[in-house]
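Read through the structure below, which is laid out as structure tokens, and then see the notes.
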Amino acid sequence: MAKTPKKDESTDAPFSVDEKDMAILRVLQLNARSTVKEIADKVHLSTTPVHERIKRMEESGVIRQYATLVDHSKVKKGLMVICYVSLKQHNRNAGAKFIKDIQEMNEVIECYNISGEFDFMLKVVAESMDAYYDFHVNKLSQAENLGHVQSVFVMGVIKQTHVLVH
């Protein structure tokens, strides 16, 4: 299969996804390691158009990347925490600095800019409560312009999916 495009390689040209593209995406979402032949058989096309469609979706940014989903509890990251963060100042530079700091924290696996009482929602994984405490005190709390942090500990995952196309 084609290589993953770098973020800056994708074009901003308008791209229309048709039903065959959606069918290809459904297969890839369930197993990104599917071969072009396997996908072609499932979507009732020959391999060449499937390959061309995948390449076009990669180049246009519809397909951003291929990833391996890892069970966090099996790689010594059994503690999952949702952190709600508010900043003291709300200006472009302060926000950009906080985002830069978060990008460098490996414990943060997702970060969302949100509306409401808090400015950001972080999904953090750690080996243990001690490891999370160390992260909170020695990394997150050291970020400039940090206002308030509220940590919510995940007790169980009920649903977790990356499937967008059904």
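Rule-based calculations on the coordinates, nothing more; no lab input. Please read these numbers as outputs of a predicted model, since none were measured by experiment. Positions of Cβ are backbone-derived with ideal geometry, glycine not excepted, and every protein chain shown enters the neighbour counts.
Using all alpha carbons of the range 72-153, what is the percent of pairwise distances in each 5 Å bin, ordered from the shortest bin to the longest?
With a bin width of 5 Å, the distribution comes to 3, 15, 28, 27, 15, 8, 3, 1.
Run the helix sum for the chain: -39,500 (n - 2.57) per DSSP H stretch of 4+ residues, divided by residue count, reported at 222 nm to the nearest 500 deg cm²/dmol.
Result for the chain, helices only: -10500 deg cm²/dmol.
What is the distance, in nm, between label points placed 7 Å from the Cα along the Cα-to-Cβ direction at S141 and at R26?
5.1 nm
Starting from the Kirkwood Rh over alpha-carbon pairs, what translational D in µm² s⁻¹ does the chain have by Stokes-Einstein at 25 °C and 0.890 mPa s?
For the chosen part, D equals 131 µm²/s.
Tell me, what HN-Hα J-couplings in whole Hz come from the Karplus equation 6.51 cos²θ - 1.76 cosθ + 1.60 at θ = phi - 60° for each residue of the range 42-48, using x for Gly and Pro?
Rounded to whole hertz, the list is 6, 9, 6, 10, 7, 5, 4.
At 0.36 nm per residue, and after removing the present C-alpha to C-alpha distance, how many nm does the segment from N91 to V17 gain when stretched out fully?
23.0 nm
Could you sort out which of K20/K123; K76/K100; K42/K123; K20/K159 sit more than 30 Å apart by Cα distance in this structure?
Result: K20/K123; K42/K123 exceed 30 Å.
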